[in-house]
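What follows is a single structure, written as structure tokens, with notes after it.
The values are calculated or read from the model by the stated rules, or taken from the named source; none is laboratory data. Here the structure is a predicted model, which means the values were calculated and not measured. Glycine gets a Cβ as well: all are built from the backbone with ideal geometry, and neighbour counts include every protein chain shown. All accessible areas refer to the heavy atoms of the entire protein, side chains included, with ligands and DNA or RNA removed. Shrake-Rupley method; radii C 1.70, N 1.55, O 1.52, S 1.80 Å.
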Amino acid sequence: MTAPLTLTEGGNLYDRIGPEALAALVTRFYTRVGAHPDLAPIFPADLTRTAEKQLAFLTGFTGGPPLYHQRFGHPRLRARHLPFPITPTRARAWLACMNAALRETPEIGEAEARELYAALSRVAAYMVNTPEEGEPNLDNS
């Protein structure tokens, strides 16, 4: 789940988006996350470090320099997020915040926004580690 997105015409997604637009996206995204009633409880009050890690991850994920690996080691996404109850509702909320942030970031073209959203949708589904309250836990991991 941490391999960079594939190269397409015009370069990789990082090259097509650019570091400034990616940073703007992350800023807009965490403004939404910090205010979201389903997400704020599982995030720290100060999202500065979290945003820094997300930007580093997205940089490598989209085909840019492997900043997350260099600064923090292998992302181990699912393992690092296991302490936090990520329900399907929270995964959808996370994606909704990302979708809104993508729409609020005009520096990111529509095709690139769709490509990034599709890739992050797969990541969000992978990150779910807790069933909704009252639902059976079908995760056998």
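Out of all the residues in the range 66-83, is one or more hydrophobic (A, V, I, L, M, F, W, C) and over 19 Å from ALA125 (Cβ atoms)? Full working, then the answer.
As a first pass, look at the range 66-83 and keep what is hydrophobic (A, V, I, L, M, F, W, C): 67, 72, 77, 79, 82.
Narrowing further to those that are over 19 Å from ALA125 (Cβ atoms): 67, 72.
Yes: the range 66-83 contains one or more residues that are hydrophobic (A, V, I, L, M, F, W, C) and over 19 Å from ALA125 (Cβ atoms).
One line per residue, one yes/no per condition, for (1) at pLDDT 95 or above; (2) crowded, with 17+ Cβ neighbours inside 10 Å; (3) in contact with a Lys or Arg (Cβ under 8 Å, 6 or more places away or on another chain):
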site: GLN70; (1), (2), (3): yes, no, no
site: HIS74; (1), (2), (3): no, no, no
site: ARG78; (1), (2), (3): no, no, no
site: ALA113; (1), (2), (3): yes, yes, yes
Inset, instruction - From THR62, THR89, THR105, grab the single residue that is among the β-branched types (Val, Ile, Thr), more than 24 Å from GLU20 (Cα to Cα) and either at pLDDT 95 or above or open to solvent by 20 Å² or more (accessible area, probe 1.4 Å) (or both). - result: THR89
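So which residues in the range 27-56 are in a helix (DSSP H, G or I), open to solvent by less than 60 Å² (accessible area, probe 1.4 Å) and in contact (Cβ under 8 Å) with a residue 40 or more places away in the chain? Step through it out loud before you land on a result.
So in the range 27-56, the residues in a helix (DSSP H, G or I) come out as 27-35, 40-42, 48-56.
In the following step, the residues that additionally are open to solvent by less than 60 Å² (accessible area, probe 1.4 Å) were identified as 29-30, 33-34, 40, 42, 50-51, 54-56.
Answer for the range 27-56, where residues must be in a helix (DSSP H, G or I), open to solvent by less than 60 Å² (accessible area, probe 1.4 Å) and in contact (Cβ under 8 Å) with a residue 40 or more places away in the chain: PHE29, VAL33, ILE42.
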Legend entry - Complete set of residues in the range 85-130 that are in contact (Cβ under 8 Å) with a residue 60 or more places away in the chain and not in a helix (DSSP H, G or I): GLU104, THR105, GLU107, ILE108, GLY109
